[in-house]
Amino acid sequence: MTPSSVHDIRNLALLGHAGSGKTSLVEALLAAAGEIGAAGSVERGDTVSDFDPQEKAMGHSLHAALVHLEAAGHWINLLDTPGLPDLAGRALLTLPAVDTAAVVINAAAGIESGTRRMMTAAKGKCRMLVVNKIDAAGADFPALMDSITTTFGRECLPINLPSPDGSRVVDCFFSPDTSASTAFSSVGAAHDTIVDQIVELDEALMAQYLEQGESLDPEQLHAPFEQALREGHLIPVCFVSARSGAGVRELLDILGKLAPDPTEGNPPAFLKGEGSAAEPVAVALDPERHAVAHVFQIANDPYRGKLGLFRIHQGEITPSSQLFIGDGRKPFKVAHLLRMQGRNAVETTRAVPGDLCAVARVDEIQRDAVLHDSHDEDYYHLVPTAYPQPVFGLALMTRKPADEQKLSEALARLIEEDPCLEVSFDPRHRRTVVRGLGEQHLKIVLEELATRWSLQLDTAAPSIPYRETISVVAEARYRHKKQSGGAGQFGEVALRVEPLPRGAGIELADEVKGGTIPTNYMPAVEKGVRQALAEGALAGFPIQDIRVVVTDGKHHAVDSNEVSFITAGRHALIEAVLAARPLVLEPLLDVQVKVADALFGEVSAELAGRRGRLTATDSPAPGWTLISARVPMAGLEGFESRLKAICAGESEFVLEAGGHEPAPQDVQSDLAREYASGTNGNGAH
């Protein structure tokens, strides 16, 4: 089958923490739907969605994988996503492609950092919680449900309940058996609670339900159920065991009957135009209109070349379709329209609105590109997804000089695939710096460079991206004058610098009056100012949170030129910054560490010894403490290895960017002294 209507389609991303069993759940659903003969296992390395050799070796999903299945006339597209905290970006890129975010929880482990992160990121989507591994020893269902409602709200309501031994689940919505025994609550109470929650959004149904005492069948509840999902008024909780199969067919039934089709989910936020000129624009799930599709993922396959996975938001696409990429002038012919089943691709003849498909060997295609078949849709784009900021860095050096170009090309491919990977070049030390979300992220990237591109690399310790800023308002004037026979050089610039709030960035303004600096030289002044901002003044780090106002200057009718004003602008900025009580800012990281209660003191002391400040503690599960702290990046070198030693590998560690704060005075002095002597060894700028 291939879906013939948008109403047949269900698009879901399985999200959640590593070890929650997302890949095993995909296998169980594929097997239950008859797509595969028997469910594979992560341990055997024979699952449909974890097909990469690196994934099989690690026993973890490293990239999002698309599979599909048919159940009771419904076409269900599932995206199995990575759960490792350092690969959060590779999971989040699936959200624009789906209507439902199904966040999977390990029944024994409870709510983990990945659960919280994905539930927060998926706000605006229809959300559901899938509690997996209900047959695991030590699962405390009443405590888990209390934790779910405390963390995510009272709108989290069970749509089925596990039996006391976790061997099956009991339906609480379609045909509730009120006499069945359950691990907590009761079927009748769960049914009444979820119906009460749904009818709150429909006054007529509420009157019928409450005043007349009439029971409501699932068909009557369907429209308000979907509305409750869209508005976040209801987050259904389903129970399942992918390993034993308990609840798998029930989950398949729920996905087909209650997960929203693309017309029932929240519509995508499309814009037309760039920057402040961009305006909202609507697309329609109408097969008769121009085709509009969004590329949500890029995969570089060694056999098929670049693979672009996309969701169709309007119109239809066939192998004969001619599609433009963004505002490109030249279309490409689709030729081979593909449906993905993990690694395997099957050609299809037609894709309708709401469907997820792929095209191969289109080199110009990029992640977040909008594909369309008419110039009416030029400059369309989706509101960008918010991704975690890369915080952990490594300098890369090829062992063979001839591999430098190969490294550059390989990193460009990886950046296409991973929105949380950042690459820059350190001109001072002439080496490539790659940044990711943590030590494990970059370890995976290094392994990919070695296995996919056969690159042998050396690495240097993580570089620290210090920044500079100013404390007070200051002014400076600089005259650049050079005479060496014939036409000389002359430019004079006066400017004022003002501090801005932390995180405000850079602002440039022009208050020049009377043409003392001709208009045609102002771009040169700005270029000189920006050069100085990038190079730094106190310790050689980029300057931020500053407003620069050019106030005055002088020019010479013969000797003035662009070079003169670039030089004058650059030196004037440096002198003004040095007069404005400059500071070195160090990057901070927000750290979350989940440890056994008994190790709380030792881990807290380790963080304090690295100049960390505890900001919060929580108890995500019995026997465990979640420590939140803000730690200077410079203090975290080697922390992950130390944490593993303290906790014998039983811990979680998540990093997020925490902004910049003034470095201790001794650190500032050392960096300024090293810069003045030309020995500053940091390679992060």
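The values are calculated or read from the model by the stated rules, or taken from the named source; none is laboratory data. From a predicted model like this one, the values you see are computed outputs, not experimental measurements. Quick reminder, even Gly has a Cβ in these numbers, built from the backbone with ideal geometry, and neighbours come from all protein chains shown. In case anyone asks, the SASA skips ligands and DNA or RNA and just uses the protein heavy atoms, side chains included. Shrake-Rupley method; radii C 1.70, N 1.55, O 1.52, S 1.80 Å.
Grab the beta carbon distance between Glu347 and Asp510, set R0 = 60 Å, and tell me the FRET efficiency rounded to 0.05.
Working: r = 58 Å, r/R0 = 0.97.
Efficiency computed from Cβ-Cβ geometry: 0.55.
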0 to 90° range, to nearest 10: angle between helix 22-32 axis and the chain longest Cα axis: 40 degrees
Largest first and in whole Å, give the semi-axes of the range 200-319's equivalent ellipsoid, each being the square root of 5 times a Cα gyration tensor eigenvalue. 36, 24, 13
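Could you sort His60, His480 by their accessible area in this structure, using a 1.4 Å probe and putting the largest first? List each step's numbers first, then the result.
Values: His60 60, His480 30 Å².
Greatest to least solvent exposure: His60, His480.
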Tell me, what is the Rg over Rh of the range 162-215, with Rh the Kirkwood radius over Cα pairs? 1.08
Treat each spin label as a single point 7 Å out from the Cα along the C-beta direction, and report the Glu231 to His7 distance in nm. 2.4 nm
Quick check: pseudo-label points 7 Å beyond the Cα along Cα→Cβ at Ser628 and Ala450, how many nm apart are they? 3.7 nm
Please identify the GluC sites (Glu not before Pro) of the range 295-365 that satisfy two criteria: DSSP loop assignment and at most 15 other Cβ atoms within 10 Å. Which are they? Glu364
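Under the classification rounded if a/c is under 1.5, otherwise prolate if a/b is larger than b/c and oblate if not, where does the chain fall, given a ≥ b ≥ c as square roots of the Cα gyration tensor eigenvalues? Working shown, then result.
Details: a/c = 1.99, a/b = 1.65, b/c = 1.21.
It is prolate, given that a/c is not under 1.5 and a/b is the larger ratio.
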Spatially proximal aspartates and glutamates relative to Lys330 (Cα-Cα < 17 Å; intrachain offsets below 8 disregarded): Asp363, Glu364, Asp373, Asp376, Glu377, Asp378
Can you give me the distance in nm between label points at Thr519 and Ala460, each placed 7 Å from the Cα along the Cα-to-Cβ direction? 4.6 nm
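Using the beta-carbon distance between Arg289 and Asp618 and R0 = 51 Å, what value does 1/(1 + (r/R0)^6) give for FRET efficiency, to the nearest 0.05? Walk me through the numbers on the way to the answer.
Values: r = 49 Å, r/R0 = 0.95.
That gives a FRET efficiency of 0.55.
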Quote the FRET efficiency, to the nearest 0.05, computed for Asp177 versus Lys644 with a Förster distance R0 of 56 Å and r equal to the Cβ-Cβ distance. 0.75
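Which entries in Lys56/Lys644; Lys443/Lys644; Lys306/Lys333; Lys56/Lys443; Lys482/Lys554 show an alpha-carbon gap greater than 18 Å? Let's see the in-between values first.
Details: Lys56/Lys644 23 Å; Lys443/Lys644 16 Å; Lys306/Lys333 15 Å; Lys56/Lys443 16 Å; Lys482/Lys554 14 Å.
Beyond 18 Å between Cα atoms: Lys56/Lys644.
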Find, among the GluC sites (Glu not before Pro) in the range 137-246, those assigned to loop by DSSP (not H, G, I, E, B) with at most 12 other beta-carbon atoms within 10 angstrom. Glu211, Glu214, Glu231
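Using only the alpha carbon atoms of the range 43-168, find the Kirkwood hydrodynamic radius as the inverse mean reciprocal pair distance, in angstroms to one decimal. Write down the numbers at each step before the final one.
Working: mean 1/r = 0.0622 Å⁻¹.
Hydrodynamic radius (Kirkwood, Cα pairs) of the range 43-168 is 16.1 Å.
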Go ahead and estimate [θ] at 222 nm for the chain from helices alone: -39,500 (n - 2.57) per DSSP H run with n ≥ 4, summed, over the residue count, rounded to 500. -8000 deg cm²/dmol
